[in-house]
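Structure first, commentary second.
The values are calculated or read from the model by the stated rules, or taken from the named source; none is laboratory data. Keep in mind that this is a model prediction, so the values were computed, not measured. Cβ placement follows ideal geometry from the backbone for every residue including glycine, while neighbour counts extend to all protein chains displayed. To get the accessible areas, we keep the full protein, side chains included, count just its heavy atoms, and leave off ligands, DNA and RNA. Shrake-Rupley method; radii C 1.70, N 1.55, O 1.52, S 1.80 Å.
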Amino acid sequence: MAGNAGPVEILRGITLTVERGQTLGLVGPSGSGKSSLLMLMGGLEQATSGSVQALGQDLTAMNEDQLARFRRANMGVVFQSFHLIPTMTALENVAVPLELAGVADAFARAEAELRAVGLGARIDHYPSQMSGGEQQRVALARAAAPRPAILLADEPTGNLDGANGAAIMDLLFGLRDRHGATLVLVTHAPELAARCDRVVRLADGHIVAEELA
């Protein structure tokens, strides 16, 4: 950012451990640092101090290429905005990242994941031909297809109406159950946070409360 304000400190004094297979909800007001913490956990942002450890690896010691390889092998990320490639069908959106990762049965696995999220009839459709809920299902299938050890979700129901949001919630927790992944999600939805094993509340870049289910 331009100007003389210097770096902005978003997170301060955060110490957080997430157990393998746990579901963790990050909650708090807008600007509290929830999404920034999730981005750090996924190696999508770099910490200016301290360290981030995931699956026995130090993400803060990795360069961009190493981080990209680590994420591809171990993490699935779902955003509020679907980030689908508009010129690719649902099947291609899920299969192409698998192909790039060297998965031999990329298209078969992609089709299976799309069927698992209820999109068997939409595999040849483009994002513009799908509703928001359907696009988020494609994004979920794409995140789950590599069988990640860690699933990160940033407001995955934020752009959806109640019925679609509830369906995405069910699918997210279903993916956790099917693949045994650790699930960390940022949410404003109390009903989604309530389904997590553990909820951490942030305010002004600090952890201010923690609750176990």
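Worth a mention:
- Inter-label distance for H83 and L212, nm, one decimal - labels placed 7 Å from Cα along Cα-to-Cβ: 3.3 nm
- Ranked by solvent-accessible area (1.4 Å probe, protein heavy atoms only, all chains present), the residues D154, D65 order from largest to smallest as D65, D154.
- Here the chain is treated as an ellipsoid with the same Cα gyration tensor; its semi-axes, largest first and in whole Å, are 28, 20, 17.
- Overall dimensions of the range 1-125 as given by Cα atoms, namely Rg and Dmax in Å: 17.8, 54
- Derived scalar couplings ³J(HN,Hα) [the range 126-134; Karplus, 6.51 cos²θ - 1.76 cosθ + 1.60; whole Hz; x for Gly, Pro]: 8, x, 5, 9, 10, 6, x, x, 5
- Protection proxy ranking, peptides 198-204, 19-25, 111-117, average beta carbon neighbours within 10 Å, highest first: 111-117, 198-204, 19-25
- Counting charges near S81 (Lys, Arg +1; Asp, Glu -1) among other residues having Cβ under 10 Å from its Cβ returns a value of -2.
- Distant-in-sequence amide contacts of A203, defined by a placed amide H-H separation under 5 Å and a gap of 5 or more residues or a different chain, comprise V208.
- Label zone at A101 (point 7 Å along Cα-to-Cβ), backbone N below 14 Å, the range 39-63: none
- Per-residue ellipticity at 222 nm computed for the chain from its helices equals -11000 deg cm²/dmol, with DSSP H segments shorter than 4 residues left out and the rest contributing -39,500 (n - 2.57).
- Residue-level accessible surface for F82, protein heavy atoms, 1.4 Å, Å²: 40 Å²
- Two-site label geometry, D197 and R178: point separation in nm, points 7 Å out along Cα→Cβ: 2.0 nm
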